[in-house]
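Have a look at the structure below, then the notes.
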Amino acid sequence: MENLYKLDGKVPILKAISFGLQHILAMFVANLSPITLIGLASSLKQTEIAFLLQNAMFIAGIATLIQLYPIWKIDSRLPIVMSVSFNFVAILTYVGATYGYASVMGAVLIGGLIEGCLGLLARYWKKIITPIVAASVVTSIGFSLFSVGTRSFGGGYSESFGSTENLLLGTITLVARLLFNIFAKSYWKQLSVLFGLIVGYILAIFMGKVDLSVIFNGGLIALSHLLPFKMKFDLGAIIAVVVIFLVSATETIGDTSALVNSGLNREVTEEEISDSLACDGFCSSISSLFGCPPITSFSQNVGLINITKVVNRFTIATGAICMILAGLLPPIGNFFSSLPEYVLGGGTIMMFGTILTSGIEMIAKAGFNQRNVTIVALSLAVGIGFTSGTEADV
(Lines give C-alpha, C1' and ligand atoms only; values in the text may rest on other atoms or scores of the structure.)
Protein backbone atom coordinates (compact mmCIF):
# COMPACT_ATOMS: atom_id res chain seq x y z
CA MET A 1 0.00 0.00 0.00
CA GLU A 2 3.02 2.34 0.22
CA ASN A 3 2.67 2.70 -3.57
CA LEU A 4 -0.37 4.90 -2.92
CA TYR A 5 2.08 7.67 -2.06
CA LYS A 6 4.21 7.16 -5.19
CA LEU A 7 3.41 8.22 -8.74
CA ASP A 8 3.88 4.69 -10.09
CA GLY A 9 3.49 1.20 -8.68
CA LYS A 10 0.84 -1.48 -8.29
CA VAL A 11 -2.04 -0.98 -5.86
CA PRO A 12 -4.72 -3.66 -5.14
CA ILE A 13 -7.58 -2.92 -7.53
CA LEU A 14 -10.36 -2.67 -4.91
CA LYS A 15 -8.35 -0.27 -2.77
CA ALA A 16 -7.34 1.72 -5.85
CA ILE A 17 -11.00 2.13 -6.83
CA SER A 18 -11.89 3.31 -3.31
CA PHE A 19 -9.23 6.02 -3.33
CA GLY A 20 -9.94 6.92 -6.96
CA LEU A 21 -13.65 7.38 -6.24
CA GLN A 22 -12.81 10.05 -3.65
CA HIS A 23 -11.40 12.26 -6.38
CA ILE A 24 -14.36 11.66 -8.69
CA LEU A 25 -17.03 12.27 -6.05
CA ALA A 26 -15.24 15.47 -5.03
CA MET A 27 -15.60 16.89 -8.55
CA PHE A 28 -18.77 15.26 -9.84
CA VAL A 29 -21.30 18.00 -9.12
CA ALA A 30 -18.80 20.71 -10.08
CA ASN A 31 -18.24 18.94 -13.41
CA LEU A 32 -21.94 19.11 -14.31
CA SER A 33 -23.09 22.44 -12.87
CA PRO A 34 -21.39 24.77 -15.41
CA ILE A 35 -23.08 23.03 -18.34
CA THR A 36 -26.52 23.46 -16.79
CA LEU A 37 -25.92 27.18 -16.18
CA ILE A 38 -24.51 27.83 -19.66
CA GLY A 39 -27.16 25.67 -21.36
CA LEU A 40 -30.03 27.47 -19.67
CA ALA A 41 -28.56 30.88 -20.58
CA SER A 42 -28.23 29.68 -24.17
CA SER A 43 -31.90 28.57 -24.29
CA LEU A 44 -31.08 24.89 -24.77
CA LYS A 45 -33.80 22.31 -24.24
CA GLN A 46 -33.69 20.02 -21.18
CA THR A 47 -33.08 17.01 -23.46
CA GLU A 48 -30.09 18.80 -25.01
CA ILE A 49 -28.66 19.67 -21.60
CA ALA A 50 -29.16 16.05 -20.50
CA PHE A 51 -26.97 14.57 -23.21
CA LEU A 52 -24.39 17.32 -22.71
CA LEU A 53 -24.16 16.27 -19.06
CA GLN A 54 -23.56 12.71 -20.20
CA ASN A 55 -20.86 13.89 -22.61
CA ALA A 56 -19.22 15.93 -19.83
CA MET A 57 -18.75 12.87 -17.63
CA PHE A 58 -17.28 10.93 -20.54
CA ILE A 59 -14.86 13.64 -21.69
CA ALA A 60 -13.71 14.47 -18.13
CA GLY A 61 -12.69 10.83 -17.67
CA ILE A 62 -10.88 10.77 -21.02
CA ALA A 63 -9.07 14.05 -20.29
CA THR A 64 -7.95 12.79 -16.87
CA LEU A 65 -6.47 9.65 -18.46
CA ILE A 66 -4.68 11.81 -21.03
CA GLN A 67 -3.27 13.92 -18.19
CA LEU A 68 -2.08 10.81 -16.35
CA TYR A 69 -0.53 8.85 -19.22
CA PRO A 70 1.54 10.12 -22.15
CA ILE A 71 0.13 11.11 -25.52
CA TRP A 72 3.02 13.00 -27.11
CA LYS A 73 3.28 16.39 -25.35
CA ILE A 74 -0.22 16.76 -23.95
CA ASP A 75 0.17 15.18 -20.55
CA SER A 76 2.01 16.06 -17.35
CA ARG A 77 2.10 12.50 -15.96
CA LEU A 78 0.82 14.00 -12.73
CA PRO A 79 -2.25 12.88 -10.69
CA ILE A 80 -4.39 15.76 -11.95
CA VAL A 81 -8.16 15.31 -12.26
CA MET A 82 -9.73 17.19 -15.16
CA SER A 83 -13.17 18.78 -14.94
CA VAL A 84 -15.44 21.23 -16.74
CA SER A 85 -14.22 24.61 -15.51
CA PHE A 86 -16.27 27.16 -13.55
CA ASN A 87 -13.87 29.88 -14.75
CA PHE A 88 -15.72 30.14 -18.05
CA VAL A 89 -19.29 30.20 -16.77
CA ALA A 90 -19.69 34.00 -16.76
CA ILE A 91 -18.27 34.61 -20.23
CA LEU A 92 -19.91 31.56 -21.84
CA THR A 93 -23.35 32.40 -20.46
CA TYR A 94 -22.94 35.82 -22.09
CA VAL A 95 -21.69 34.35 -25.36
CA GLY A 96 -24.48 31.75 -25.37
CA ALA A 97 -27.18 34.32 -24.71
CA THR A 98 -25.76 36.78 -27.28
CA TYR A 99 -24.43 34.62 -30.10
CA GLY A 100 -25.99 31.21 -29.41
CA TYR A 101 -24.60 27.90 -28.15
CA ALA A 102 -23.02 27.07 -31.52
CA SER A 103 -20.77 30.12 -31.11
CA VAL A 104 -19.87 28.94 -27.59
CA MET A 105 -18.50 25.72 -29.06
CA GLY A 106 -16.61 27.50 -31.83
CA ALA A 107 -14.96 29.88 -29.36
CA VAL A 108 -13.98 27.01 -27.03
CA LEU A 109 -12.44 25.08 -29.94
CA ILE A 110 -10.23 28.02 -30.96
CA GLY A 111 -9.40 29.08 -27.40
CA GLY A 112 -8.36 25.54 -26.48
CA LEU A 113 -6.04 25.29 -29.48
CA ILE A 114 -4.40 28.60 -28.54
CA GLU A 115 -3.82 27.54 -24.91
CA GLY A 116 -2.52 24.15 -26.06
CA CYS A 117 0.01 25.78 -28.38
CA LEU A 118 1.07 28.18 -25.62
CA GLY A 119 1.66 25.15 -23.42
CA LEU A 120 3.93 23.53 -26.01
CA LEU A 121 5.91 26.80 -26.22
CA ALA A 122 6.05 27.32 -22.44
CA ARG A 123 9.84 27.08 -22.31
CA TYR A 124 9.98 30.45 -24.06
CA TRP A 125 7.82 32.31 -21.55
CA LYS A 126 7.77 30.12 -18.40
CA LYS A 127 10.53 32.26 -16.82
CA ILE A 128 7.93 35.01 -16.39
CA ILE A 129 6.07 32.78 -13.89
CA THR A 130 8.59 32.83 -11.03
CA PRO A 131 8.04 30.74 -7.85
CA ILE A 132 6.66 33.75 -5.97
CA VAL A 133 4.17 34.46 -8.79
CA ALA A 134 3.02 30.82 -8.78
CA ALA A 135 2.72 30.94 -4.98
CA SER A 136 0.55 34.07 -5.18
CA VAL A 137 -1.74 32.36 -7.70
CA VAL A 138 -2.11 29.24 -5.53
CA THR A 139 -2.90 31.37 -2.46
CA SER A 140 -5.52 33.38 -4.34
CA ILE A 141 -7.07 30.16 -5.66
CA GLY A 142 -7.44 28.96 -2.07
CA PHE A 143 -9.13 32.21 -1.04
CA SER A 144 -11.44 32.21 -4.06
CA LEU A 145 -12.60 28.66 -3.38
CA PHE A 146 -13.78 29.46 0.16
CA SER A 147 -17.05 30.85 -1.19
CA VAL A 148 -17.47 27.74 -3.35
CA GLY A 149 -17.03 25.47 -0.34
CA THR A 150 -19.40 27.37 1.94
CA ARG A 151 -22.08 27.70 -0.74
CA SER A 152 -21.84 23.98 -1.45
CA PHE A 153 -22.10 23.29 2.30
CA GLY A 154 -25.34 25.27 2.43
CA GLY A 155 -26.90 23.52 -0.57
CA GLY A 156 -25.55 25.35 -3.62
CA TYR A 157 -27.87 27.60 -5.61
CA SER A 158 -31.06 25.79 -4.65
CA GLU A 159 -34.02 27.52 -3.02
CA SER A 160 -33.30 25.62 0.20
CA PHE A 161 -29.82 27.13 0.54
CA GLY A 162 -28.88 27.50 4.21
CA SER A 163 -31.82 25.49 5.51
CA THR A 164 -31.51 23.63 8.81
CA GLU A 165 -31.63 20.24 7.10
CA ASN A 166 -28.89 21.20 4.63
CA LEU A 167 -26.59 22.50 7.34
CA LEU A 168 -27.31 19.48 9.55
CA LEU A 169 -26.44 16.97 6.82
CA GLY A 170 -23.36 18.95 5.80
CA THR A 171 -22.19 19.07 9.42
CA ILE A 172 -22.79 15.33 9.98
CA THR A 173 -20.83 14.55 6.82
CA LEU A 174 -17.93 16.73 7.99
CA VAL A 175 -17.95 15.26 11.52
CA ALA A 176 -18.10 11.69 10.17
CA ARG A 177 -15.11 12.42 7.99
CA LEU A 178 -13.10 13.93 10.86
CA LEU A 179 -13.92 11.07 13.25
CA PHE A 180 -12.95 8.48 10.64
CA ASN A 181 -9.65 10.27 10.11
CA ILE A 182 -9.00 10.33 13.87
CA PHE A 183 -9.84 6.71 14.66
CA ALA A 184 -8.92 4.86 11.45
CA LYS A 185 -5.53 3.18 11.28
CA SER A 186 -2.78 3.26 8.67
CA TYR A 187 -3.73 4.11 5.07
CA TRP A 188 -7.44 3.78 5.88
CA LYS A 189 -7.24 7.34 7.23
CA GLN A 190 -6.94 8.56 3.65
CA LEU A 191 -10.46 7.30 2.88
CA SER A 192 -12.04 9.76 5.32
CA VAL A 193 -13.59 11.87 2.54
CA LEU A 194 -15.26 8.85 0.94
CA PHE A 195 -16.51 7.65 4.34
CA GLY A 196 -18.02 11.04 5.14
CA LEU A 197 -19.77 11.20 1.76
CA ILE A 198 -21.22 7.69 2.22
CA VAL A 199 -22.55 8.53 5.71
CA GLY A 200 -24.06 11.80 4.51
CA TYR A 201 -25.59 10.19 1.41
CA ILE A 202 -27.23 7.34 3.36
CA LEU A 203 -28.62 9.76 5.94
CA ALA A 204 -29.94 12.00 3.14
CA ILE A 205 -31.77 8.99 1.65
CA PHE A 206 -33.47 8.22 4.97
CA MET A 207 -34.46 11.87 5.33
CA GLY A 208 -36.09 11.78 1.89
CA LYS A 209 -33.62 14.24 0.38
CA VAL A 210 -32.51 11.96 -2.49
CA ASP A 211 -34.73 11.02 -5.43
CA LEU A 212 -33.62 7.47 -6.31
CA SER A 213 -36.31 7.15 -9.00
CA VAL A 214 -34.16 9.13 -11.46
CA ILE A 215 -31.30 6.61 -11.41
CA PHE A 216 -32.69 4.54 -14.28
CA ASN A 217 -33.83 7.50 -16.35
CA GLY A 218 -32.13 7.44 -19.75
CA GLY A 219 -31.90 3.66 -20.10
CA LEU A 220 -28.98 1.39 -19.31
CA ILE A 221 -26.51 2.30 -22.07
CA ALA A 222 -26.11 5.55 -24.01
CA LEU A 223 -23.23 6.50 -26.31
CA SER A 224 -21.79 10.01 -26.19
CA HIS A 225 -22.80 12.38 -28.99
CA LEU A 226 -20.01 13.81 -31.16
CA LEU A 227 -20.64 17.27 -32.69
CA PRO A 228 -24.17 17.65 -31.27
CA PHE A 229 -24.17 21.27 -32.53
CA LYS A 230 -22.91 22.80 -35.76
CA MET A 231 -20.17 25.23 -34.71
CA LYS A 232 -20.15 28.94 -35.50
CA PHE A 233 -17.12 31.21 -35.29
CA ASP A 234 -17.86 34.78 -34.15
CA LEU A 235 -14.75 36.95 -33.72
CA GLY A 236 -16.16 38.80 -30.69
CA ALA A 237 -16.99 35.55 -28.90
CA ILE A 238 -13.60 34.04 -29.73
CA ILE A 239 -11.63 37.05 -28.41
CA ALA A 240 -13.62 37.14 -25.16
CA VAL A 241 -13.19 33.41 -24.53
CA VAL A 242 -9.47 33.42 -25.41
CA VAL A 243 -8.87 36.06 -22.71
CA ILE A 244 -10.43 33.76 -20.10
CA PHE A 245 -8.34 30.88 -21.41
CA LEU A 246 -5.24 32.93 -20.60
CA VAL A 247 -6.56 33.55 -17.08
CA SER A 248 -7.33 29.84 -16.71
CA ALA A 249 -3.79 29.00 -17.85
CA THR A 250 -2.43 30.97 -14.90
CA GLU A 251 -4.65 28.96 -12.54
CA THR A 252 -3.45 25.72 -14.12
CA ILE A 253 0.15 26.76 -13.46
CA GLY A 254 -0.81 27.40 -9.84
CA ASP A 255 -2.68 24.09 -9.52
CA THR A 256 0.21 22.11 -11.01
CA SER A 257 2.77 23.88 -8.82
CA ALA A 258 0.69 23.31 -5.69
CA LEU A 259 0.11 19.64 -6.47
CA VAL A 260 3.79 18.92 -7.06
CA ASN A 261 4.78 20.94 -4.01
CA SER A 262 2.31 19.31 -1.60
CA GLY A 263 2.00 15.82 -3.09
CA LEU A 264 5.53 15.13 -4.33
CA ASN A 265 7.47 17.48 -2.01
CA ARG A 266 9.51 19.12 -4.79
CA GLU A 267 9.40 22.04 -7.20
CA VAL A 268 7.43 21.72 -10.43
CA THR A 269 9.48 21.34 -13.61
CA GLU A 270 9.20 23.41 -16.79
CA GLU A 271 8.18 20.30 -18.73
CA GLU A 272 5.35 19.51 -16.27
CA ILE A 273 3.99 23.06 -16.59
CA SER A 274 4.21 22.90 -20.38
CA ASP A 275 2.52 19.53 -20.70
CA SER A 276 -0.18 20.37 -18.16
CA LEU A 277 -1.13 23.53 -20.09
CA ALA A 278 -1.08 21.65 -23.39
CA CYS A 279 -3.41 19.03 -21.92
CA ASP A 280 -5.80 21.72 -20.63
CA GLY A 281 -5.92 23.44 -24.01
CA PHE A 282 -6.17 20.53 -26.40
CA CYS A 283 -8.58 18.59 -24.16
CA SER A 284 -10.79 21.69 -24.05
CA SER A 285 -10.86 21.65 -27.85
CA ILE A 286 -11.80 17.98 -27.78
CA SER A 287 -14.48 18.81 -25.22
CA SER A 288 -16.00 21.33 -27.65
CA LEU A 289 -16.37 18.55 -30.22
CA PHE A 290 -18.68 16.83 -27.72
CA GLY A 291 -20.60 20.06 -27.15
CA CYS A 292 -19.06 20.76 -23.72
CA PRO A 293 -17.31 23.79 -22.15
CA PRO A 294 -13.53 23.81 -21.47
CA ILE A 295 -11.94 21.02 -19.43
CA THR A 296 -9.20 22.16 -17.03
CA SER A 297 -7.34 20.95 -13.95
CA PHE A 298 -9.58 20.69 -10.89
CA SER A 299 -8.36 22.82 -7.96
CA GLN A 300 -10.28 20.84 -5.33
CA ASN A 301 -8.36 17.74 -6.40
CA VAL A 302 -5.17 19.52 -5.39
CA GLY A 303 -6.63 20.08 -1.93
CA LEU A 304 -7.58 16.40 -1.62
CA ILE A 305 -4.06 15.31 -2.54
CA ASN A 306 -2.70 17.78 0.01
CA ILE A 307 -4.77 16.01 2.68
CA THR A 308 -4.31 12.35 1.66
CA LYS A 309 -0.91 12.48 -0.11
CA VAL A 310 -2.29 9.79 -2.46
CA VAL A 311 -0.59 10.51 -5.80
CA ASN A 312 -0.55 7.06 -7.45
CA ARG A 313 -1.46 7.49 -11.12
CA PHE A 314 -3.12 4.08 -11.43
CA THR A 315 -5.34 4.87 -8.45
CA ILE A 316 -6.49 8.17 -9.98
CA ALA A 317 -6.98 6.37 -13.31
CA THR A 318 -9.52 3.99 -11.74
CA GLY A 319 -11.58 7.05 -10.81
CA ALA A 320 -11.27 8.36 -14.37
CA ILE A 321 -12.54 5.05 -15.73
CA CYS A 322 -15.54 5.32 -13.39
CA MET A 323 -16.24 8.72 -14.94
CA ILE A 324 -16.10 7.25 -18.44
CA LEU A 325 -18.51 4.50 -17.39
CA ALA A 326 -20.78 7.13 -15.86
CA GLY A 327 -20.86 8.81 -19.25
CA LEU A 328 -21.70 5.59 -21.08
CA LEU A 329 -24.01 4.05 -18.47
CA PRO A 330 -26.71 6.55 -17.41
CA PRO A 331 -27.62 4.69 -14.16
CA ILE A 332 -24.04 5.18 -12.88
CA GLY A 333 -24.01 8.84 -13.83
CA ASN A 334 -27.46 9.42 -12.34
CA PHE A 335 -26.38 7.72 -9.10
CA PHE A 336 -23.32 9.97 -8.75
CA SER A 337 -25.25 13.10 -9.69
CA SER A 338 -27.90 12.33 -7.05
CA LEU A 339 -25.32 13.12 -4.35
CA PRO A 340 -26.76 16.20 -2.55
CA GLU A 341 -24.53 19.26 -2.81
CA TYR A 342 -24.59 19.95 0.95
CA VAL A 343 -23.26 16.43 1.57
CA LEU A 344 -20.54 17.10 -0.98
CA GLY A 345 -19.78 20.41 0.75
CA GLY A 346 -19.49 18.75 4.15
CA GLY A 347 -17.06 16.19 2.74
CA THR A 348 -14.85 18.59 0.84
CA ILE A 349 -14.98 22.01 2.54
CA MET A 350 -11.69 21.47 4.38
CA MET A 351 -9.87 20.89 1.10
CA PHE A 352 -10.17 24.55 0.15
CA GLY A 353 -8.27 25.56 3.26
CA THR A 354 -5.46 23.14 2.42
CA ILE A 355 -4.97 24.83 -0.97
CA LEU A 356 -4.54 28.16 0.83
CA THR A 357 -2.03 26.70 3.29
CA SER A 358 -0.15 25.11 0.39
CA GLY A 359 0.15 28.55 -1.20
CA ILE A 360 1.40 30.01 2.09
CA GLU A 361 4.03 27.27 2.28
CA MET A 362 5.16 28.10 -1.26
CA ILE A 363 5.44 31.80 -0.32
CA ALA A 364 7.54 30.87 2.71
CA LYS A 365 9.87 28.76 0.53
CA ALA A 366 10.30 31.66 -1.91
CA GLY A 367 11.28 33.93 1.00
CA PHE A 368 9.96 37.16 2.48
CA ASN A 369 12.34 39.67 0.96
CA GLN A 370 11.02 43.12 0.02
CA ARG A 371 10.46 42.21 -3.65
CA ASN A 372 8.48 39.06 -2.85
CA VAL A 373 6.40 40.77 -0.18
CA THR A 374 5.49 43.53 -2.66
CA ILE A 375 4.47 41.01 -5.35
CA VAL A 376 2.35 38.92 -2.97
CA ALA A 377 0.75 41.93 -1.26
CA LEU A 378 -0.24 43.61 -4.53
CA SER A 379 -1.37 40.36 -6.18
CA LEU A 380 -3.64 39.34 -3.29
CA ALA A 381 -4.94 42.85 -2.63
CA VAL A 382 -5.97 43.37 -6.26
CA GLY A 383 -6.91 39.80 -7.16
CA ILE A 384 -8.95 39.03 -4.04
CA GLY A 385 -9.94 42.54 -3.01
CA PHE A 386 -11.47 43.60 -6.32
CA THR A 387 -13.44 40.37 -6.81
CA SER A 388 -14.62 40.28 -3.19
CA GLY A 389 -15.74 43.89 -3.41
CA THR A 390 -17.67 43.19 -6.61
CA GLU A 391 -19.39 40.15 -5.09
CA ALA A 392 -20.30 42.14 -1.96
CA ASP A 393 -21.86 44.90 -4.07
CA VAL A 394 -23.87 42.36 -6.05
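Selection of the stretch 219-255 for residues being surrounded by fewer than 18 Cβ atoms within 10 Å (Cβ to Cβ), part of a helix (DSSP H, G or I) and small (Gly, Ala, Ser) yields only GLY236. Restricting to the stretch 61-106, what's the tally of residues that are within 11 Å of PRO293 (Cα to Cα), at pLDDT 85 or above and touching a strand residue (DSSP E or B) at 6+ places or on another chain (Cβ under 9 Å)? Residues flagged as within 11 Å of PRO293 (Cα to Cα), at pLDDT 85 or above and touching a strand residue (DSSP E or B) at 6+ places or on another chain (Cβ under 9 Å) within the stretch 61-106 amount to 2.
Name the residue, out of ILE80, ILE132, that is surrounded by 19 or more Cβ atoms within 10 Å (Cβ to Cβ), more than 18 Å from LEU44 (Cα to Cα) and either over 20 Å from the mean Cα position of the chain (by Cα) or of a type in the set (Lys, Arg) (or both). Before you say what the answer is, go through the steps one by one.
Details: ILE80 fails: either over 20 Å from the mean Cα position of the chain (by Cα) or of a type in the set (Lys, Arg) (or both).
So the residue among ILE80, ILE132 that is surrounded by 19 or more Cβ atoms within 10 Å (Cβ to Cβ), more than 18 Å from LEU44 (Cα to Cα) and either over 20 Å from the mean Cα position of the chain (by Cα) or of a type in the set (Lys, Arg) (or both) is ILE132.
Checking each residue in the stretch 35-60 for being open to solvent by less than 20 Å² (accessible area, probe 1.4 Å) and modelled with pLDDT of 80 or more picks out ILE35, ILE38, GLY39, SER42, LEU52, ASN55, ALA56, MET57, ILE59, ALA60.
Just wondering, is there one or more residues in the stretch 113-125 that are over 30 Å from GLY200 (Cα atoms) and touching a strand residue (DSSP E or B) at 6+ places or on another chain (Cβ under 8 Å)?
The first filter runs over the stretch 113-125 and keeps only residues over 30 Å from GLY200 (Cα atoms), leaving 113-125.
This time we only want the ones that are touching a strand residue (DSSP E or B) at 6+ places or on another chain (Cβ under 8 Å), so: none.
There is no residue in the stretch 113-125 that is over 30 Å from GLY200 (Cα atoms) and touching a strand residue (DSSP E or B) at 6+ places or on another chain (Cβ under 8 Å).
Take the stretch 67-77 and flag every residue that is touching a Cys at 6+ places or on another chain (Cβ under 6 Å) and surrounded by fewer than 24 Cβ atoms within 10 Å (Cβ to Cβ).
We begin by selecting, within the stretch 67-77, every residue touching a Cys at 6+ places or on another chain (Cβ under 6 Å); these are 67, 74-75.
If the condition is that a residue be touching a Cys at 6+ places or on another chain (Cβ under 6 Å) and surrounded by fewer than 24 Cβ atoms within 10 Å (Cβ to Cβ), then ILE74, ASP75 are the ones that fit.
Which of the residues that make up the stretch 162-211 are more than 21 Å from SER338 (Cα to Cα), free of Cβ contacts under 8 Å to residues at least 24 places away in the same chain, under 24 Å from the mean Cα position of the chain (by Cα) and buried (at least 17 other Cβ atoms within 10 Å of the Cβ)? Residue satisfying the conditions is ASN181 alone. Take LEU120 and tell me if it is touching a helix residue (DSSP H, G or I) at 6+ places or on another chain (Cβ under 9 Å), open to solvent by 40 Å² or more (accessible area, probe 1.4 Å) and within 30 Å of ILE360 (Cβ to Cβ). No: the conditions fail for LEU120. Does ILE324 qualify as being in contact with a Cys (Cβ under 8 Å, 6 or more places away or on another chain) and aliphatic (A, V, I, L, M)? Here the answer is no, as ILE324 does not meet what is asked.
Is at least one residue of the stretch 46-61 in contact (Cβ under 8 Å) with a residue 60 or more places away in the chain and not in a helix (DSSP H, G or I)? Within the stretch 46-61 (the criterion being in contact (Cβ under 8 Å) with a residue 60 or more places away in the chain and not in a helix (DSSP H, G or I)), the answer is no, since none of the residues qualifies. The lone criterion from (1) without any contact (Cβ under 8 Å) to a residue 24 or more places away in the chain; (2) open to solvent by less than 20 Å² (accessible area, probe 1.4 Å) left unmet by VAL310 is number (1).
Restricting the search to the stretch 116-138, which residues are part of a helix (DSSP H, G or I) and polar (S, T, N, Q)? Walk me through how you get there before you give the answer.
Step one: of the stretch 116-138, the residues part of a helix (DSSP H, G or I) are 116-120, 122-124, 126-128, 131-138.
Correct list: SER136 only.
Taken together, the residues in the stretch 248-272 that are more than 17 Å from ILE141 (Cα to Cα), out of contact with any Pro (no Cβ under 8 Å at 6 or more places or on another chain) and not basic (Lys, Arg) amount to 7. May I ask you to say which residue of ASP280, ASP275 is under 17 Å from the mean Cα position of the chain (by Cα), under 23 Å from GLY263 (Cβ atoms), assigned to a helix (DSSP H, G or I) and modelled with pLDDT of 75 or more? When all the criteria are applied, what remains is ASP280.
Only one entry of THR296, THR252 meets the criterion of being touching a strand residue (DSSP E or B) at 6+ places or on another chain (Cβ under 6 Å) and among the β-branched types (Val, Ile, Thr), and that entry is THR252.
Mind telling me which of the residues LEU259, LEU289 ends up being closer than 21 Å to SER85 by Cβ and open to solvent by less than 10 Å² (accessible area, probe 1.4 Å)? Spell out how you get there, then give the answer.
Values: LEU289 fails: open to solvent by less than 10 Å² (accessible area, probe 1.4 Å).
Residue meeting the stated conditions: LEU259.
Filtering the stretch 83-108 to residues that are surrounded by fewer than 23 Cβ atoms within 10 Å (Cβ to Cβ) and of a type in the set (Phe, Trp, Tyr) leaves PHE86, TYR94, TYR99. Among the residues making up the stretch 357-384, those that are closer than 18 Å to VAL268 by Cβ and under 23 Å from the mean Cα position of the chain (by Cα) are THR357, SER358, GLY359, ILE360, GLU361, MET362. Among the residues making up the stretch 317-336, those that are aliphatic (A, V, I, L, M) and either open to solvent by less than 20 Å² (accessible area, probe 1.4 Å) or touching a strand residue (DSSP E or B) at 6+ places or on another chain (Cβ under 7 Å) (or both) are ALA317, ALA320, MET323, ALA326.
The values are calculated or read from the model by the stated rules, or taken from the named source; none is laboratory data. Being a predicted model, the structure only gives us computed values, none of them experimental. Note that each Cβ is placed from the backbone with ideal geometry, even for glycine, and that neighbours are counted across all protein chains shown. Side chains included, ligands, DNA and RNA excluded: accessible areas come from the protein's heavy atoms. Shrake-Rupley method; radii C 1.70, N 1.55, O 1.52, S 1.80 Å.
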